[in-house]
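Since the structure comes first, as structure tokens, the remarks are kept for the end.
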Amino acid sequence: MRIEHLLRIALALVAMIVYLPANATNDSLKVSLLTCAPGNEAYSFYGHTAIRVQNLRTGTDCVYNYGMFDSKKPHFVWNFIMGRTDYELGVAPFEPFVASYVMNGRYVDEQVLDLTVNEAEQLDSPLRENARPENRGYRYNFMSDNCTTRAIERIEQCVEGTVHYTTEHAPNSTFRDIIHGLTAEHPWSSFGNDLLLGAETDTLLDRKGEMFAPAHAEDYMAAAVVLRSDGSERPLVKETFRYPVMRPMTDKSTAITPNMAVLLLMVLTCVCTWHEWRRKRIGKAGNTLDIVLTVLQGGAGCIIALLFCCSEHPAVGSNWLVMWLNPLPLLWLPLQIWRTRHGKRDIYSPVLMGVMLLFCIIGCMGAQHFPTAVWALASVLLMRACARTFINIGQRNQ
């Protein structure tokens, strides 16, 4: 009896070995959406999204990451500025992927998806095909085609039914609002975004539009359900947990914010202008200040005008700041210095005053959202243009 019992156990084990691989190929797949916390580097301010696929039978555990790029490619910096950056779908082992985040103070949230056997295969197979060298590249677009939107799209395509996001949504957020929230701890980056991004970022977003940001996509996925053709439904996410940080993130905040810097510039400009107004003449200090302001205006204008005219980046071609942030002041500066030294009539200041007044009117009409620092800079230029114009008029009338 004992030998017979052992023989039955052995036959059962053989049967498991024979039949398990064939039956467990698909139902051994476990798929998760990974959402990584923002970091302190410029490229990581907005967080990150990836897809984890575990094969419980073979033991493979891979992360599919649509956020890969090769900075060593020829002309990478120029292509990045022009919005012609090609990203790639990369594949990495799960453990090193998570370790690279948690060891740098960035937690990782994992949302395990409740997928059927067929749905998991419908997600895994296209990902493996997409990861082939000839298929992995795509033209990156921060607002509509990035690591998060691609991951969400792949999940939506694999389900047998429709993904319905049950979280209530009111269209009261814009791209600029979300970007401000994500860069709140990095004021200079936020200020730079406001200088470069135009009126298109001020349109209200629907739910899909908001999901370009990893944190927003994670929130919507948490309450999403799959609606089947027979009317039944099931939650898309069956469990969620977090990989906590292993060490605190390095603090890279700056002591001087854009608002503080512009405030100091305004104070300096007010003092200089008040002193000149009392004396009824433009002094050396005022001329030096105007040269510095013109260099700053024209230097920033070169970047904004280049993006406005040539870049494929979204939203930079609708930037009203190009009215006064463009290269023309920089090109005019040598002639302006020559005219000032030779006592020629100042024709630049009245033109600048008119441009700045027109900009203020357009801004007050709500054509584009401008932050406090931008309004302050515009006020500084308007102040100097008005002072030079009216002081010169007074000198000519004497």
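The values are calculated or read from the model by the stated rules, or taken from the named source; none is laboratory data. Since we're looking at a predicted model, the values are computed, not measured. Glycine gets a Cβ as well: all are built from the backbone with ideal geometry, and neighbour counts include every protein chain shown. SASA here: full protein model, heavy atoms, side chains in, ligands and nucleic acids out. Shrake-Rupley method; radii C 1.70, N 1.55, O 1.52, S 1.80 Å.
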Between helix 284-310 and the chain: long-axis angle, C-alpha atoms, 0 to 90°, nearest 10
40
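How high is the relative contact order of the chain, in percent, with contacts defined as C-alpha pairs under 8 Å that are six or more residues apart?
Answer for the chain is 17 percent.
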Counting only protein chains, not ligands or nucleic acids, how are 340, 273 ordered by accessible area (probe 1.4 Å), most first?
340, 273
Normalised convex hull volume, the range 218-271, alpha-carbon set, Å³ per residue
136
Student exercise, the chain dipole from Lys, Arg, Asp, Glu Cβ charges, in Debye to nearest 20
2520
Evaluate Rg over Rh across the range 129-288, taking Cα atoms for both radii and Kirkwood's formula for Rh.
1.18
What are the radius of gyration and Dmax of the chain, computed over its Cα atoms and given in Å?
29.4, 126
Arrange the peptides 194-207, 76-89 so that the one whose residues have, on average, the most other Cβ atoms within 10 Å appears first.
194-207, 76-89
Give the whole-number value, in cubic angstrom per residue, of the convex hull volume spanned by the C-alpha atoms of the range 219-362.
228
What is the range 140-184 by shape, rounded, prolate or oblate, if you read a ≥ b ≥ c off the alpha carbon gyration tensor as root eigenvalues and call it rounded for a/c under 1.5, prolate for a/b larger than b/c, and oblate otherwise?
oblate
Determine Rg/Rh for the range 283-398; Rg is computed over alpha-carbon atoms and Rh is the Kirkwood hydrodynamic estimate from the same atoms.
1.00
Distance (nanometres) between label positions extended 7 Å along Cα→Cβ at residue 164 and residue 238:
2.1
Name the long-range amide H neighbours of residue 48: under 5 Å, sequence gap of 5 or more, or other chain; modelled H, no Pro or chain starts.
36
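How large is the helix-only mean residue ellipticity at 222 nm for the chain, computed as the sum of -39500 (n - 2.57) over DSSP H runs with n ≥ 4, divided by its residue count, in deg cm²/dmol to the nearest 500?
-16500 deg cm²/dmol
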In Hz, Karplus ³J(HN,Hα) per residue of the range 327-338 (6.51, -1.76, 1.60; θ = phi - 60°; x = Gly, Pro):
x, 4, x, 5, 5, 7, 4, x, 5, 5, 5, 4
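Leaving out ligands and nucleic acids, and using a 1.4 Å probe, what accessible area per residue does the chain come to in Å²?
Details: 21750 Å² over 398 residues.
Averaged over the residues of the chain, the accessible area is 55 Å².
Starting from the Cα gyration tensor of the range 76-177, take the square roots of the eigenvalues, sort them a ≥ b ≥ c, and report rounded, prolate or oblate (rounded when a/c is under 1.5, otherwise prolate if a/b is larger than b/c, else oblate).
Taking the square roots of the gyration eigenvalues as a ≥ b ≥ c, the range 76-177 is rounded.
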Which shape class, rounded, prolate or oblate, goes with the range 118-221 when its Cα gyration tensor gives a ≥ b ≥ c as root eigenvalues, a/c under 1.5 marks rounded, and past that a/b bigger than b/c marks prolate?
oblate
Quick one: what does P(r) look like for the range 69-127 with 5 Å bins over all Cα pairs, in whole %?
4, 13, 13, 14, 16, 18, 14, 6, 2, 0
Would you kindly work out the equivalent ellipsoid of the range 159-205 from its C-alpha gyration tensor and give its semi-axes, the square roots of five times the eigenvalues, largest first in whole Å?
29, 13, 10
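On full extension of the chain, what length is gained from residue 379 through residue 107, given 0.36 nm per residue of separation minus the C-alpha to C-alpha distance?
Difference between extended and current length: 93.7 nm.
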Highest mean first, how do 311-319, 48-56, 360-368 rank when packing is the count of other Cβ atoms within 10 Å averaged over residues?
48-56, 311-319, 360-368
Kindly report, to the nearest 10 Å², the accessible surface of residue 324 as traced by a 1.4 Å probe over protein heavy atoms only.
10
Where does helix 2-23 land angle-wise versus the long Cα axis of the chain, in degrees 0 to 90, nearest 10?
40
